[in-house]
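Written out below as structure tokens is the structure these notes cover.
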Amino acid sequence: MSFPPLKNTAEAVKAPTGEIAQGGRSTANGLADYGFSRAEVAAYLLQLTGELAALARCQRLDSVAYFLEMARIEASIIERDERKD
């Protein structure tokens, strides 16, 4: 499954204060405002983190690859659980 990039990813990334990083609108739903479900976002992150982990491994960035792989596993679990409902 392949997802196109968001038109304005910065709007979807929330800063720790709850505001949108680098401007944009502040919403409680984040990516849901773009029409993506929680399962779809998890599937996208599953794909993206897998690709980034492979790239990190190729360059021997072992700790980065490890954390990306952990994020991939977590996204996989969330995506699976969301699809059950």
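The values are calculated or read from the model by the stated rules, or taken from the named source; none is laboratory data. Just so you know, these numbers come straight off a predicted model, no measurement behind them. Here the Cβ is made from the backbone with ideal geometry for all residues, glycine too, and neighbour counts use every protein chain on show.
When residues in region 63-79 are screened for being surrounded by 12 or more Cβ atoms within 10 Å (Cβ to Cβ) and either more than 15 Å from the chain's Cα centre (by Cα) or of a type in the set (D, E) (or both), 6 of them pass. Quick one: is R60 modelled with pLDDT of 95 or more, surrounded by 13 or more Cβ atoms within 10 Å (Cβ to Cβ) and among the basic types (K, R)? Against the criterion (modelled with pLDDT of 95 or more, surrounded by 13 or more Cβ atoms within 10 Å (Cβ to Cβ) and among the basic types (K, R)), R60 does not qualify.
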